[in-house]
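These notes concern the structure reproduced below.
The values are calculated or read from the model by the stated rules, or taken from the named source; none is laboratory data. Please read these numbers as outputs of a predicted model, since none were measured by experiment. Cβ: placed from backbone, ideal geometry, glycine included. Neighbour counts: every protein chain shown. Side chains are part of the model used for accessible areas, which takes the heavy atoms of the whole protein and leaves out ligands, DNA and RNA. Shrake-Rupley method; radii C 1.70, N 1.55, O 1.52, S 1.80 Å.
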Amino acid sequence: MVGLVGGSTARAEHVVANAGGETEYVRRLHRHAPAEHQCTSTLVKHIKAPVHLVWELVRSFDQPQRYKPFVRNCVVRGDQLEVGSLRDVNVKTGLPATTSTERLEQLDDDLHILGVKFVGGDHRLQNYSSIITVHPESIDGRPGTLVIESFVVDVPDGNTKDETCYFVEAVIKCNLKSLAEVSEQLAVESPTSPIDQ
Amino acid sequence: MVMASAGVNVPGGDEVRNPTAASASTPECRMRRRHRLEPQGSGDAAAAAAPGPSWVRRLRPAASRFSPSPSPSLSPSSSQSSADRPNDEEQEELDHEVEVELAPAGPQLEPGEAEGEPEAEAVAVAPQVWPVAFGSLSMAGRMRMMEDAVSLHPDLCTWAADGSPMHFFGVFDGHGGSHVSALCRDRMHEVVAEELAREGATFLRRRQESAASGSAAWSERAEEERAWRAALQRGFRRVDDMAALACACGRVARPSCSCPLAGTSSGIVGSTAVVALLVRGRLVVANCGDSRAVLCRGPAGTPPVPLSSDHKPNRADEKARIEAAGGRVVFNNGHRVRGILAMSRALGDRLLRPEVIAEPEITVTERTVEDECLILASDGMWDVISNDIACNVARQCLEDGNPPPADPTAGGGGGAPAAGVVVVAAREAEPRCLRAASLLARLAIGRETQDNVSIVVVDLKHRD
């Protein structure tokens, strides 16, 4: 299930209740300060797979195609994968862009935070910045993962804020749905699932 | 990368009929009219109904013929022999009518024209008068990835009602990867043939039931079209279901494929599909996406007839359907479903459901003897070449009376005609279709299309 958590676009009516866990994570970890010509939003996804499997996919800055259905392939510049690294993403055909150059802004393996900023490419998403966090939770008595992704981006000429938010949310929903499918498949295939705190 | 192929399928080898078939349209029109008015018409219908069971049996070998170049002849059998008898009688009648009709010229034209509408109801016209020759060409163009696919299957199967050959041609323009268009190329014709066999059996049973009950509501033409539409709709649905299971390596399997490519997400990989079925004097076109089928009618200057309508998200009815499904169309380098996909229908694209559907829109068009050719192509061509220009280019190529001395490509499909005249026509026809497709492809590249280009040209005339 994908839900929306209020950003400056005030989608409060779509808040998904979870004993305050989500709103607390959003408040602490997903801070964006959108300018007048920008839009922002936050999405959540509950995945029936242990957090270590989900995080391993999310943190693969050099292999986003493992779960992102829009990516054809990806090349990281330089030898060391660290904050500040750049990757050149090639997008699949038939989509509204062909390339995207992206910078790794945050990578925290303890708190499970990944931050990425778009710095080039032929897409129309100027100053796009996103934060993804993953958090352990229990689903039907089994280890699951709460994924939260938030973004901020300039509204392109010719589009409204609402349209831009809708489009970016559509892309993220596809990414999160695919992330769920891939990690749940991995969870089924792995022989044992270690218990996470 | 360039892929090209050409071939001819001219059924029958009747030497007596060829001069007539190659000549002007008037005798053919009069033949049809006379045949319909024959008092023996009901007798023929009764005779046709009798061999029903044997025709059902004949469906089995037809359904199993999935090779790229199926043989049009069935194995000899007593049921085959008995099934042929009505056709032989029909043949003799037509020959006789030719002799009669040729004598009075002027006065006969008016009655024929006046009865134009009833004429469209003609049933079981001999296959020989509806020639089919074809050629195709695909080019990657400026795109580095080739994701288009073409499927050419003349004499794919036979129609249960009368054994007429059914010819299958398709163009599939993939996006996000090539494995869905490859799946369409490899499996669509097989699945459609299975569904046609199934619908054919149903058609025969319903016809028998209708005849037994003395129902006057039976319309052979409408029932045939209903059957063909149902077969194509089910064929598209089945291939779309396969696409959800297709791996980038080409395997369609459950559980998931475990090859190295299995990690590549296939949620946004899809394909258009424009498919043409040619059976007797009718063109049946099923389209899903923004490839296109266009009929070039003669003589020169006659407007082309679109046989499909592009599924673009900003087409008013498509936009309404998308919004009713809870989606939106956002302009993002073009009008796109969710701002993501530039077409409103496609096979595959699992993650864009329910807005993006795989249901084809189907048209059925009556052929005329003036028809020049049928063009199926991906939007890589139609984006830069209008229907009018495409038809004019194709017409000129096909009318060219100076073919090269030897065939550049071996033709596929079709039986070996016995008549020398047909053989000569077959050899000459192939390179013209190929040349038409090739010239259109080069024109599209010259006009800087950014996409893959795939073109199928089907010649609808006997050309000497």
Among A:V44, A:V83, A:V76, which is the only one that is in contact with a helix residue (DSSP H, G or I) (Cβ under 9 Å, 6 or more places away or on another chain), more than 14 Å from chain B (Cβ to nearest Cβ) and either modelled with pLDDT of 90 or more or more than 28 Å from A:R142 (Cβ to Cβ) (or both)?
A:V44
Kindly list the number of the only condition in (1) more than 17 Å from B:L341 (Cα to Cα); (2) outside any helix (DSSP H, G or I); (3) facing another protein chain (nearest Cβ under 9 Å); (4) not acidic (D, E) that fails for A:P143.
(3)
Please verify whether A:L114 is open to solvent by less than 20 Å² (accessible area, probe 1.4 Å), away from every other protein chain (no Cβ under 14 Å) and either under 27 Å from A:H37 (Cβ atoms) or not hydroxyl-bearing (S, T, Y) (or both), treating the condition exactly as stated.
yes
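Mind listing whichever residues of the range A:49-106 are of a type in the set (A, V, I, L, M) and outside any loop (DSSP other than H, G, I, E, B)? Talk me through it step by step, then tell me what you get.
From the range A:49-106, those of a type in the set (A, V, I, L, M) are A:49, A:51, A:53-54, A:57-58, A:71, A:75-76, A:81, A:83, A:86, A:89, A:91, A:95, A:97, A:104; that's our starting set.
Within the range A:49-106, A:V51, A:L53, A:V54, A:L57, A:V58, A:V71, A:V75, A:V76, A:L86, A:V89, A:V91, A:L104 qualify.
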Residues of the range A:97-110 being open to solvent by 20 Å² or more (accessible area, probe 1.4 Å) and either within 14 Å of chain B (Cβ to nearest Cβ) or in contact with a strand residue (DSSP E or B) (Cβ under 7 Å, 6 or more places away or on another chain) (or both), which ones?
A:T98, A:T99, A:T101, A:R103, A:E105, A:Q106, A:L107
Can you spot a residue in the range A:125-140 that is within 11 Å of chain B (Cβ to nearest Cβ), open to solvent by less than 60 Å² (accessible area, probe 1.4 Å) and either part of a helix (DSSP H, G or I) or touching a residue at least 12 places away in the same chain (Cβ under 8 Å) (or both)?
yes
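So is B:A286 more than 14 Å from chain A (Cβ to nearest Cβ) and either closer than 21 Å to B:L232 by Cα or at pLDDT 95 or above (or both) or not? Quick ask: steps written out before the conclusion?
Working: more than 14 Å from chain A (Cβ to nearest Cβ): yes; either closer than 21 Å to B:L232 by Cα or at pLDDT 95 or above (or both): yes.
Judged against the criteria, B:A286 is a match.
Among the residues of the range B:320-342, write down those that are more than 14 Å from chain A (Cβ to nearest Cβ) and either within 31 Å of the chain's Cα centre (by Cα) or crowded, with 20+ Cβ neighbours inside 10 Å (or both).
Residues satisfying the conditions are B:A320, B:R321.
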Residue hits (the range A:164-180; open to solvent by 20 Å² or more (accessible area, probe 1.4 Å) and touching a residue at least 60 places away in the same chain (Cβ under 8 Å)) are A:V171, A:K173, A:K177
Over the range B:343-371, the set of residues open to solvent by 30 Å² or more (accessible area, probe 1.4 Å), closer than 18 Å to A:V171 by Cβ and part of a loop (DSSP other than H, G, I, E, B) is B:R353, B:P354
